[in-house]
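What follows is a single structure, written as structure tokens, with notes after it.
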Amino acid sequence: MKRILNVFLLCLIALPSFAQSKKQKTGDPLAGIDTLLNRILKDQQVAGFAVAVVKGDQVIYSKGFGYRDLENKKPVTPNTLFAIGSSSKAFTGSLLGLLRKEGKLTFEDKAVSLLPQLHFYNEEMNSQIILRDLMAHRTGLSRYDFSWLLFNTSNRDSIIARVKYMKPSAAVREKWFYNNFMYLAQGMIVERLTGKTWEQNIKEKFFIPLEMNRSNTDIKVFKQDSDASLPYTVAKGSEIKKVDYYNINGMGPAGSINSSANDMANWLKVWVSGGFFKKKEILSTDYVREAASSQMVMSADLPAAHDDVFLANYGLGWMIGSYRGHYMVEHGGNINGFSANVAFLPSDQLGIVVLSNQNGSQVPTVVRNSIVDRLLNLKTIDWNGEAIAKTRAGMQVNNGAKSAPVLNTKPSHPLKDYVGSFENPAYGIIKITFEKNDLYTVLSDEKVVLKHMHYDVFDPKSIDKNGVVDTAQSNLMFNFSSGIDGKIQGVGIFLDGSDKPVMFDFKPETKILSLKELQKYAGEYALGQAMVKIYIKGNTLMVYVPGQPEYETIVTEPDTFSLKALKGYSVKFNVDAGKRVNSVSFIQPNGVFKAVKQK
């Protein structure tokens, strides 16, 4: 589970601040910067990173530090490929800007009208949410990131269908919530209106005209590149450890671009110039200004440790803040083993990109701020020292956050009883298997073992290539629950920072019986004064209780059928020695009721 739990998804890393040093000397503003960046490389235990700085239409600094492959000592270069995560969002939003210029849409169009596959939790949301709401994260839907992280698929229609089951945390435009599904929806709108994939559009509209020849959106192409970085994380406080690549698959429009510092410098030139690259318009100036302007307040962000760093707003694929008296537009990006930050200061004609191969890293922000301070001739701040202090504080908090197991307890059922599929429509299906006296499942393409913690609580743990089980406690405890019949009926998992577990209901295996097999159950059954009818409709056994709707059933066990529309309700037919049905038991939360067959 480490690979999954170490993901700090596609978010901005904000750094605290404590003290300022003396104002730097005049002259070359980047004199001695290599020494500082090498110190950051060492102090932050990062394998490597690459930096590029744009001033106007020129790249004034471009360099790699450390290693893209630590074990084989292969160095990072300005052309080394890194996953840029959510820094991809500005690309996706820009495709919509191009479509608006062509007259194919407006940002005030209803989102569900632009994408028929998209449905929100209720009709009020369907009628209110416009395209601009998707772009500025103001739909009222919180992240639901584990829905795509743990239940990944390349099928975009399948992923976007989950949105219908996502309960809003606030009213539309009431509160800012980061939600990657909304950028998937934008990518799908692009596909629908252009007849080409999001990936094709990114290549044709940006990579080719911007001469971003190293960039791609394909994890396989990325991994096979001769100058691609491996992904890393920091384990046990100081150990640089290689992790697996993560294939974003269907969620690509939210963050699947892989690029280099030099390529991203060309992207920054567009934004610094107001939409141009080598005097050719790539984006309209109107869109650049709009995307880099506040569309939604992210949070109350008053001056804190530094009185000249404040403001947290969101534009269209960009975050906006006030950095030490200067207007800064930026976006972080994090995905397994990689962290990035892409930023520009429009009034200063300055752009900076930092790409690193460290998971959930502070390095991109530390490096960015350190360079900006020097280029703008500001009093330098020890951002590196502050990041170290933050890491140490975080380690102390995490070390005290684990739950202690309750001793001398055991599961309420034999382990085989926990086997099966469990479903939540907003997330997906968890399939649990029993092998070699242990329970297993697959999360985010990783096979994990469920180790008993206490009672019906199990801890999912990673298994390395040698079969060694990780001993660290995870944050995704599986808490199984039983129904009135004593059988396992669901599992609760704490996901996406919720204070309540997300429930996955037991999903019976669908069994198909022939019409001849179903026929023996059909008939009329006396339930008190009521006559219950059980009959066949098509290939399905139906149950009708007077005064109620007809119920479709699903066969789950021999002679047992669940009522599809009612959780916890089932019918079990009682069969005599001659294999004739003589009665049926209605099993429901308030008891078991027997009905005798009449004919």
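Collect the residues in region 287-328 that are buried (at least 20 other Cβ atoms within 10 Å of the Cβ) and farther than 24 Å from Gly274 by Cα, keeping them in residue-number order. Correct list: Met298, Val309. Hey, can you tell me all the residues within region 461-482 that are at pLDDT 90 or above and over 14 Å from Pro405 (Cα atoms)? The answer is Lys461, Phe480, Ser481, Ser482.
Just the residues that are over 16 Å from Ile84 (Cβ atoms) and in contact with a strand residue (DSSP E or B) (Cβ under 6 Å, 6 or more places away or on another chain), please, taken from region 235-249.
Ala235, Ile240, Lys241, Lys242, Val243
Restricting Ser87, Ser94 to those that are out of contact with any His (no Cβ under 9 Å at 6 or more places or on another chain), of a type in the set (Gly, Ala, Ser) and assigned to a helix (DSSP H, G or I) reduces the list to Ser94.
Residue check: is Val297 under 15 Å from Tyr327 (Cα atoms) and not aromatic (Phe, Trp, Tyr)? It is false that Val297 is under 15 Å from Tyr327 (Cα atoms) and not aromatic (Phe, Trp, Tyr). What about Lys104, is it surrounded by fewer than 22 Cβ atoms within 10 Å (Cβ to Cβ) and more than 26 Å from the chain's Cα centre (by Cα)? The answer is yes for Lys104. The criterion of at least 3 residues that are touching a residue at least 60 places away in the same chain (Cβ under 8 Å) is met, among strands (runs of 3 or more DSSP E) falling completely within region 414-504, by 420-424, 428-435, 457-462, 488-493. Taking region 34-82 as the range and being β-branched (Val, Ile, Thr), buried (at least 24 other Cβ atoms within 10 Å of the Cβ) and either without any contact (Cβ under 8 Å) to a residue 24 or more places away in the chain or in a strand (DSSP E or B) (or both) as the test, the residues that pass are Val51, Val53, Val54.
In region 563-586, the qualifying residues are those that are modelled with pLDDT under 90 and among the hydrophobic types (A, V, I, L, M, F, W, C), and the one that is surrounded by the fewest Cβ atoms within 10 Å (Cβ to Cβ) is Ala577.
Per-residue answers, yes or no, for (1) closer than 19 Å to Lys487 by Cα; (2) crowded, with 17+ Cβ neighbours inside 10 Å; (3) modelled with pLDDT under 90:
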residue: Phe504; (1), (2), (3): yes, yes, no
residue: Gly523; (1), (2), (3): no, no, no
residue: Ala526; (1), (2), (3): no, no, no
residue: Met531; (1), (2), (3): no, no, no
residue: Leu541; (1), (2), (3): no, yes, no
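Within region 234-262, being surrounded by 24 or more Cβ atoms within 10 Å (Cβ to Cβ) and either in a helix (DSSP H, G or I) or of a type in the set (S, T, N, Q) (or both) holds for Met251, Gly252, Pro253, Ala254, Ser256, Asn258, Ser259, Ser260, Ala261. Quickly run through region 474-503 and pick out the residues that are within 19 Å of Pro589 (Cα to Cα), under 24 Å from the mean Cα position of the chain (by Cα) and among the aliphatic types (A, V, I, L, M). Passing the criteria: Val491, Met503. Total residues in region 133-174 satisfying the condition of being among the basic types (Lys, Arg) and buried (at least 18 other Cβ atoms within 10 Å of the Cβ): the figure is 4.
Filtering region 194-219 down to residues that are of a type outside the set (Ser, Thr, Tyr) and touching a Gly at 6+ places or on another chain (Cβ under 7 Å), which residue is surrounded by the fewest Cβ atoms within 10 Å (Cβ to Cβ)? Among residues in region 194-219 that are of a type outside the set (Ser, Thr, Tyr) and touching a Gly at 6+ places or on another chain (Cβ under 7 Å), the one surrounded by the fewest Cβ atoms within 10 Å (Cβ to Cβ) is Glu199.
The values are calculated or read from the model by the stated rules, or taken from the named source; none is laboratory data. Predicted, not measured: the structure shown is a model, and the values here were computed from it. A quick note on method: Cβ atoms are made from the backbone with ideal geometry, for glycine too, and the neighbour counts reach across all protein chains shown.
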